[in-house]
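Below is one structure; the comments refer to it alone.
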Amino acid sequence: MTPEKVEDAAFEIAMGDHHIIHVRARGIWTPDIADRYWPAFHPFLIESRAHLGHAKALIDRRGAPIMPMAMVEKMREGIVIYYVPGDRLALVVDSSPLKSQVRQSYPLENLDAFLSYDAALAWLENS
């Protein structure tokens with residue numbers, strides 16, 4: 001059963017076409033927000049894996065500021081706990097410095113960062 005759309009002041013999570021998870025992140029995140037996010041996100045990972053054999057997620061962080069290193073660490077912890085080998089994660093960001101931060105900071109083999117939402121979605125659809 002597809003999880004219901006989740007709406008929070010800091011994020012929105014929904015299952016899209018092709019069983020790709022769509023997340024819209026807003027504002028500055030704190031550890032408390034991460035603690036709300038991961039349990040809300042996890043059922044979507046399970047559902048995507050059930051249909052595809054691995055999860056595909058598109059995280060749209062356009063308009064969100066660069067995360068402080070403490071928050072990057074908190075998100076990295078969640079990635080280590082919730083993602084499994086083979087899962088694919090595309091992040092859409094506003095700038096090349098954010099692309100670099102994403103690519104250097106998160107321990108996921110099939111992760112990439114994009115400046116274009118359409119490019120991120122195409123990457124997921126074709127991977």
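Could you grab the Rg to Rh ratio for the chain? Cα atoms only, Kirkwood for Rh. The partial results should precede the final answer.
Working: Rg = 13.2 Å, Rh = 14.5 Å.
Reported Rg/Rh (Cα atoms, Kirkwood Rh): 0.92.
Quick one: longest stretch of the chain between exposed loop GluC sites (Glu not before Pro), exposed meaning at most 14 other C-beta atoms within 10 Å and loop per DSSP?
On the way: sites that count: Glu4, Glu109.
The longest such stretch corresponds to 5-108.
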Identify the residues of region 104-125 with backbone N under 18 Å of a label point that sits 7 angstrom from the Cα of Asp17 along the Cα-to-Cβ direction, or state none. 117-125
Quick one: what are the phi-derived ³J(HN,Hα) couplings along region 12-21, Karplus 6.51/-1.76/1.60 with θ = phi - 60°, whole Hz, x for glycine and proline? 10, 10, 8, 8, x, 4, 6, 6, 8, 7
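Carbon and sulfur together cover what percent of the accessible area of region 24-127 at a 1.4 Å probe radius? Don't jump to the answer; show the numbers that get you there.
Details: 2830 of 5060 Å².
Of all accessible area on region 24-127, carbon and sulfur atoms account for 56 percent.
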What value, in deg cm²/dmol to 500, does the helix sum -39500 (n - 2.57) over DSSP H runs of n ≥ 4 give at 222 nm once divided by the residues of the chain? -14000 deg cm²/dmol
Nothing charged except the Cβ atoms of Lys and Arg (+1) and of Asp and Glu (-1): what's the magnitude of the dipole of the chain about its Cα centre? Round to the nearest 20 debye. 240
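The values are calculated or read from the model by the stated rules, or taken from the named source; none is laboratory data. The shown structure was predicted, so the numbers you read here are calculated from the model rather than taken from an experiment. Counting neighbours? That spans all protein chains shown, and the Cβs are built from the backbone with ideal geometry, glycine included. For accessibility, only protein heavy atoms count, side chains too; no ligands or nucleic acids. Shrake-Rupley method; radii C 1.70, N 1.55, O 1.52, S 1.80 Å.
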